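The values are calculated or read from the model by the stated rules, or taken from the named source; none is laboratory data. Values in this document were obtained by computation on a predicted structure and should not be read as measured data. Neighbour counts are summed over all protein chains in view; Cβ atoms, including those assigned to glycine, are modelled from backbone coordinates with ideal geometry. Calculation scope for accessible area: heavy atoms of the full protein, side chains included, ligands and nucleic acids excluded. Shrake-Rupley method; radii C 1.70, N 1.55, O 1.52, S 1.80 Å.
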Amino acid sequence: MLIAAQVLAALVLLIHVYIFLLETVLFKSRGRKVFGLSKEQADTMAPAMSNQGAYNGFLAAALACGFVLPEAATAHAFTVYGLVCVAVAGIWGAATVQIRILFVQTVPAVLALAALYLA
């Protein structure tokens, strides 16, 4: 079960690296298409999305710490912290932006947390 937890946590990490890229460096090109925005909307929203992307980058960084820190307890704490933050952010995003966020962010994070708990 530990391998399943690691795979799921890595998936959540990769999702958030992708979201970070979409909301920052790729926002006016690929991000605009993914979010269904016109060029004008993307130009207006770019600063706020870049800020939001930074937060998704921080979530990815917390999860990455779980994979690279040598002390098992500290690595585990970072993984749990990152996954809980992703799950809560996904719930908030689903409630305020789009329900799809629940399935893209919260469900994988909760599955990873469940797998960690069962490991």
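Determine how large the accessible area of Ile101 is when every protein chain is in place; take a 1.4 Å probe and give Å² rounded to the nearest 10.
Accessible area, nearest 10 Å²: 40 Å².
At 7 Å along the Cα-to-beta-carbon direction for both Ala61 and Val34, put a label point, then send me their distance in nm to one decimal.
Here the modelled spin labels are 1.9 nm apart.
Using the Cα gyration tensor of region 38-107, with a ≥ b ≥ c the square roots of its eigenvalues, what is the shape: rounded (a/c below 1.5), prolate (a/b larger than b/c) or oblate (neither)?
It is oblate, given that a/c is not under 1.5 and a/b is not larger than b/c.
Taking the Cα-to-Cβ direction at Ala72 and at Val104 and moving 7 Å from each Cα, how far apart do the two end points lie in nm?
Reported label-point gap for Ala72 and Val104 is 3.6 nm.
Let me spell out the model: positive unit charges on the Cβ of Lys and Arg, negative unit charges on the Cβ of Asp and Glu, origin at the Cα centre of the chain. What dipole size does that give, in debye rounded to 20?
In total the dipole reaches around 360 debye.
Which net charge results for the neighbourhood of Ala42, defined as the other residues with beta-carbon distances under 12 angstrom from its beta-carbon, given Lys and Arg at +1 and Asp and Glu at -1?
With Lys, Arg at +1 and Asp, Glu at -1, the neighbours total +2.
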